Amino acid sequence: MAKKNNNDTGLSRMLALEIARVTESAAIAAARLRGCGDEVAADQAAVDAMRKELNRLPIRGRIVIGEGERDEAPMLYIGEEVGQGEGPEVDIAVDPLEGTTICAKAEPNALAVVAFAEKGSLLYAPDIYMEKIAIGPGFQPGLVDLDAAPKDNLSALAKAKGVPIEEITACILDRPRHAKLIENVRKAGAAIRLIGDGDIAGVIHTANADETGIDIYMGIGGAPEGVLAAAALRCIGGQIQARLHAMSDQHRARVAEIGIEDIDRKYTLEDLASGDVLFAATGVTSGSMLQGVRFRAGATRTETVVMRAKTRTVRWIKTEHGAGQDR
Ligand code: VTB
C-alpha cells in the first residue's frame, strides 16, 4: 500500500509548528513595550518582528489581511509577498498586535495573531467595521442570526443550552455604538462581559464557554479581526455570521474597490475562511486565553495556541526562549 502523504492536500503540517515562531516573536517584541503608553511603538515592534519571522519561512506567502494598504503601511501591507519565495502558496492574515491600547496600558488579553490559509480561501476584507455574532460548537446551524432581535438570539441560545437567559453571558466591545445593543441584552436578562478591545479573543471565547464563561459574541468590531476570528473557529468549531458595516462613503468606496458587490451580504463561517487553515496566537499580556510574555533572567517565556482546521488539532505551546537566541 502506498504510504500516506500528509502533505498532499491542505497546508504543510510543518507549518503548524513554524507558525508558532511567527506570533511568539511578535509577542515578545510588543511585550517589551507593554505598559509604556505608546501604542504605535509597540505595534511597530510587533510588525517588524513578525515580518522578519515570516520571511524565514519556506513559503510563497502573500499578506491578504494586513496593516493596511501599501501607501499607508510600509510593512505587512495587503499584497506584500513574504517568505523565502519557494514552497506552497499561502494567504496570510496578520494582526501582529491585537489590542494595541490594552498593550500600551498593560491590561489583559493583548495578543499577537496570524492565520495561514490555502490561496484564495480567506475573505479579502477591507479595513472597515463588521457586525458579528458568534457562538460555540454543538448548536444547530442558524440558531442565532444577525438579523434577529438580541432577545430572540439569547433566548434561542439559552433554550438550546437548557439554561435560563440569566445564565447566558454575551461578550460585547465597550463602545458608544453599542449602547442600544447593551441595553437590549440587559433587558433580555443576560449578563454582559464588556471588553475594551480584542474581539478576536472575544469570539474565540465562545468556543469554550465552560471555561471562559462567554456564550455569545455580539456587536461591531473590525472586519480584519472578523476574518481572523473565523479562521480560529474553523479549527475549533462554532458558528459566526458577519456583515460589513460601512460608516462613510469612503468605506463604501473601499468595499467597491476591492470587488465586493453586495455590501449587505451576510457571511457565514465558510465565506470568511474556508479550506485548510492554520491559526496561531501568542499572549502579549496575560488574559483569559493565554499567559502573556514573562521576562526572566536568562529566559523569556511565551504561551501560544496553534490550531489547524483540517485535523482540528489544537496545540498549547509553552516556550522558553533562551538568552542565546538570534532574534
Ligand atoms: C475591535 C477590537 C480590536 O479594533 O475589532 C476594534 O477587537 C474595532 O475598532 O482590538 P474600534 O476600536 O474603532 O471600535 C481593535 O480595537 C483594534 O484596533
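Report yes if Val185 is surrounded by 24 or more Cβ atoms within 10 Å (Cβ to Cβ) and within 15 Å of the ligand (Cβ to nearest atom), otherwise no. Spell out the reasoning first.
Details: surrounded by 24 or more Cβ atoms within 10 Å (Cβ to Cβ): yes; within 15 Å of the ligand (Cβ to nearest atom): no.
Answer is no for this residue.
Determine if segment 118-132 includes at least one residue that is assigned to a loop (DSSP other than H, G, I, E, B), away from the ligand (no atom under 13 Å from the Cβ) and over 27 Å from Ala281 (Cα atoms).
Start the filter on segment 118-132 by keeping residues that are assigned to a loop (DSSP other than H, G, I, E, B), which leaves 119-121, 123-128.
Now drop any that are not away from the ligand (no atom under 13 Å from the Cβ), which leaves 119-121, 123-124, 126.
Cutting the leftovers down to over 27 Å from Ala281 (Cα atoms) gives us none.
Checked against the condition, which is being assigned to a loop (DSSP other than H, G, I, E, B), away from the ligand (no atom under 13 Å from the Cβ) and over 27 Å from Ala281 (Cα atoms), segment 118-132 yields no hits at all.
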Can you report the number of residues in segment 98-113 which are away from the ligand (no atom under 12 Å from the Cβ) and open to solvent by less than 10 Å² (accessible area, probe 1.4 Å)? 1
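Hey, could you check segment 188-197 for residues that are in contact (Cβ under 8 Å) with a residue 24 or more places away in the chain and either within 23 Å of the chain's Cα centre (by Cα) or within 16 Å of the ligand (Cβ to nearest atom) (or both) and say which is nearest to Ala115 (Cα to Cα)?
Taking segment 188-197 and keeping what is in contact (Cβ under 8 Å) with a residue 24 or more places away in the chain, we get 188-191, 193, 195-197.
Next cut, either within 23 Å of the chain's Cα centre (by Cα) or within 16 Å of the ligand (Cβ to nearest atom) (or both) only: 193, 195-197.
Values: Arg193: 26, Ile195: 23, Gly196: 23, Asp197: 19 Å.
Out of the qualifying residues, it is Asp197.
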Residue by residue through segment 277-291, note down the ones that are surrounded by fewer than 20 Cβ atoms within 10 Å (Cβ to Cβ) and either at pLDDT 95 or above or among the acidic types (Asp, Glu) (or both). Ser286, Gln291
Do we have Ile200 as open to solvent by 10 Å² or more (accessible area, probe 1.4 Å), closer than 23 Å to Val64 by Cβ and within 13 Å of the ligand (Cβ to nearest atom) here? no
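Please count how many residues of segment 70-80 are touching a Lys or Arg at 6+ places or on another chain (Cβ under 9 Å), more than 15 Å from Ala115 (Cβ to Cβ) and open to solvent by 50 Å² or more (accessible area, probe 1.4 Å). If you could, list the steps in order and put the result at the bottom.
Initial filter on segment 70-80 (touching a Lys or Arg at 6+ places or on another chain (Cβ under 9 Å)): 75-80.
Next cut, more than 15 Å from Ala115 (Cβ to Cβ) only: 75, 77, 79-80.
Right, trim to open to solvent by 50 Å² or more (accessible area, probe 1.4 Å) and you get 75.
Here the count works out to 1.
Looking at Val47, is it open to solvent by 20 Å² or more (accessible area, probe 1.4 Å) and β-branched (Val, Ile, Thr)? Break it down into steps so the answer makes sense when it comes.
Details: open to solvent by 20 Å² or more (accessible area, probe 1.4 Å): no; β-branched (Val, Ile, Thr): yes.
Taking the combined requirement at face value, the residue does not satisfy it.
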Would you check which residues across segment 295-308 are at pLDDT 95 or above and either open to solvent by less than 60 Å² (accessible area, probe 1.4 Å) or in the same structural domain as Ile200 (by TED's automatic domain parsing) (or both) and list them? Thr300, Thr302, Glu303, Thr304, Val305, Val306, Met307, Arg308
Odd one out for Gly83, checked against (1) open to solvent by 60 Å² or more (accessible area, probe 1.4 Å); (2) farther than 30 Å from Leu173 by Cβ: (1)
Go through segment 166-180 and give me each residue that's surrounded by 13 or more Cβ atoms within 10 Å (Cβ to Cβ), farther than 13 Å from Glu131 by Cβ and over 19 Å from the mean Cα position of the chain (by Cα). Glu167, Ile168, Thr169
Look at Ala207 and say whether it is open to solvent by less than 10 Å² (accessible area, probe 1.4 Å) and not polar (S, T, N, Q). no
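The values are calculated or read from the model by the stated rules, or taken from the named source; none is laboratory data. Being a predicted model, the structure only gives us computed values, none of them experimental. Using ideal geometry, Cβ is built from the backbone for each residue, glycine included, and neighbour counts are taken over all protein chains shown. For the accessible areas, the whole protein counts, side chains as well, though only heavy atoms, and no ligand, DNA or RNA atoms are used. Shrake-Rupley method; radii C 1.70, N 1.55, O 1.52, S 1.80 Å.
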